[in-house]
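Working notes, structure below.
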Amino acid sequence: MPGMLLGDIVPNFEADSTFGRLKLHDFLGDCWGVLFSHPRDFTPVCTTELGRAAQLSPEFSRRNVKLIALSVDSLEDHHGWSKDILAYNNAESGSEFPFPIIADAGRHLVETLGMLDPEEKDQTGMPLSARCVFVIGPDKKLKLSILYPATTGRNFDEILRVVDSLQLTAHNRVATPVDWRPGDSVMVPPSIPEQEAVALFPAGVYTKDLPSGKKYLRYTAQPNPHQE
Ligand code: BEZ
């Protein structure tokens, strides 16, 4: 099954969406993108996921990130289901769903992008889309991908957290450690020699002593985030 590797340019596909006909690169413009697939409309786990994504949509916008959902159902289903999701969120009446949902009833896109789950099939035996997340940079390259099966819902706070890390590390020669949150210390990558690290991080570099004697656990203060 074809798929996408980190660093690949995400194809500039055209598709019908709840926001009208959409051409990926034009829609994203200079923004980052989070393109995420889900198995089916009118299903419980997907409803909770899209509900959470809708709640967090102002946080994604603040980071200059556009959200785009995708599934193998029709546009008509997407429009009907968006109303259910807004109701699940107890959104004010008259609220609009904040981001487009792409219709891929022919499964062309999910197949091209490697988002199908061969283990999860519909009533006719056709595979459904998996819970795939692509984070796309302003250069239209794939920066991160996450792949969950249909039976496990994603955590959209984690997706926001990885966007924070991706945006920080796109502009600074640092790496973020386990469970990093904005404002926490960051790590100096192994590719930066000691002398260069001293010059590069005037806030200082703290190295933790280890039994091996190797000085690879190097921390520094988080650089100021770049305005995306
Ligand atoms: C769900 O969204 O609840 C779901 C969809 C397909 C398979 C399993 C669960």
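Some values worked out for this structure:
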{"item": "Residue selected from the range 65-81 under the condition in contact (Cβ under 8 Å) with a residue 40 or more places away in the chain and out of contact with any helix residue (DSSP H, G or I) (no Cβ under 8 Å at 6 or more places or on another chain), by the criterion surrounded by the most Cβ atoms within 10 Å (Cβ to Cβ)", "result": "78"}
{"item": "The range 167-189: number of residues that are loosely packed, with under 13 Cβ neighbours inside 10 Å and either modelled with pLDDT under 95 or among the hydrophobic types (A, V, I, L, M, F, W, C) (or both)", "result": "1"}
{"item": "Neighbours by Cβ (under 8 Å, 6+ apart or cross-chain): first from the range 90-111, assigned to a helix (DSSP H, G or I); second surrounded by fewer than 21 Cβ atoms within 10 Å (Cβ to Cβ) and aromatic (Phe, Trp, Tyr)", "result": "109/13"}
{"item": "Selected residue (only one of 111, 59 is modelled with pLDDT under 95 and either aliphatic (A, V, I, L, M) or under 21 Å from the mean Cα position of the chain (by Cα) (or both))", "result": "111"}
{"item": "Condition broken by residue 228, with the remaining ones in (1) free of Cβ contacts under 8 Å to residues at least 60 places away in the same chain; (2) among the acidic types (Asp, Glu); (3) closer than 24 Å to residue 32 by Cα satisfied", "result": "(1)"}
{"item": "In the range 108-133, the residues that are surrounded by 12 or more Cβ atoms within 10 Å (Cβ to Cβ) and either β-branched (Val, Ile, Thr) or out of contact with any strand residue (DSSP E or B) (no Cβ under 7 Å at 6 or more places or on another chain) (or both)", "result": "108, 110, 111, 112, 113, 114, 133"}
{"item": "The one condition in (1) touching a strand residue (DSSP E or B) at 6+ places or on another chain (Cβ under 9 Å); (2) assigned to a helix (DSSP H, G or I); (3) within 14 Å of the ligand (Cβ to nearest atom) that residue 82 fails to fulfil", "result": "(3)"}
{"item": "Residue 147 being outside any loop (DSSP other than H, G, I, E, B), in contact with an Asp or Glu (Cβ under 9 Å, 6 or more places away or on another chain), within 16 Å of the ligand (Cβ to nearest atom) and in contact (Cβ under 8 Å) with a residue 60 or more places away in the chain", "result": "no"}
{"item": "Selection status of residue 42, modelled with pLDDT of 95 or more and either polar (S, T, N, Q) or more than 16 Å from the ligand (Cβ to nearest atom) (or both)", "result": "no"}
{"item": "Whichever residue in the range 113-129 is touching a Pro at 6+ places or on another chain (Cβ under 6 Å) and closer than 11 Å to residue 3 by Cβ and, among such residues, is nearest to the ligand (Cβ to nearest atom)", "result": "116"}
{"item": "Selected residue (criterion: surrounded by the most Cβ atoms within 10 Å (Cβ to Cβ)) from residues of the range 2-60 that are at positive phi and part of a loop (DSSP other than H, G, I, E, B)", "result": "42"}
{"item": "Residue check, residue 168 assigned to a helix (DSSP H, G or I) and touching a strand residue (DSSP E or B) at 6+ places or on another chain (Cβ under 9 Å)", "result": "yes"}
{"item": "Candidate set from the range 150-169 (those that are within 16 Å of the ligand (Cβ to nearest atom) and within 12 Å of the chain's Cα centre (by Cα)); member that is farthest from residue 60 (Cα to Cα)", "result": "154"}
{"item": "Filter result for residue 164 (at pLDDT below 95 and of a type in the set (Asp, Glu))", "result": "no"}
{"item": "Residue under evaluation residue 205, criteria (1) modelled with pLDDT of 95 or more; (2) more than 22 Å from residue 164 (Cα to Cα), criterion not met", "result": "(2)"}
{"item": "Pair list, Cβ under 6 Å, 6 or more apart: the range 36-64 residue without any contact (Cβ under 8 Å) to a residue 60 or more places away in the chain, other residue away from the ligand (no atom under 13 Å from the Cβ) and among the acidic types (Asp, Glu)", "result": "41/77"}
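The values are calculated or read from the model by the stated rules, or taken from the named source; none is laboratory data. The shown structure was predicted, so the numbers you read here are calculated from the model rather than taken from an experiment. In this analysis, Cβ positions are derived from the backbone assuming ideal geometry, glycine residues included, and neighbour counts consider all displayed protein chains.
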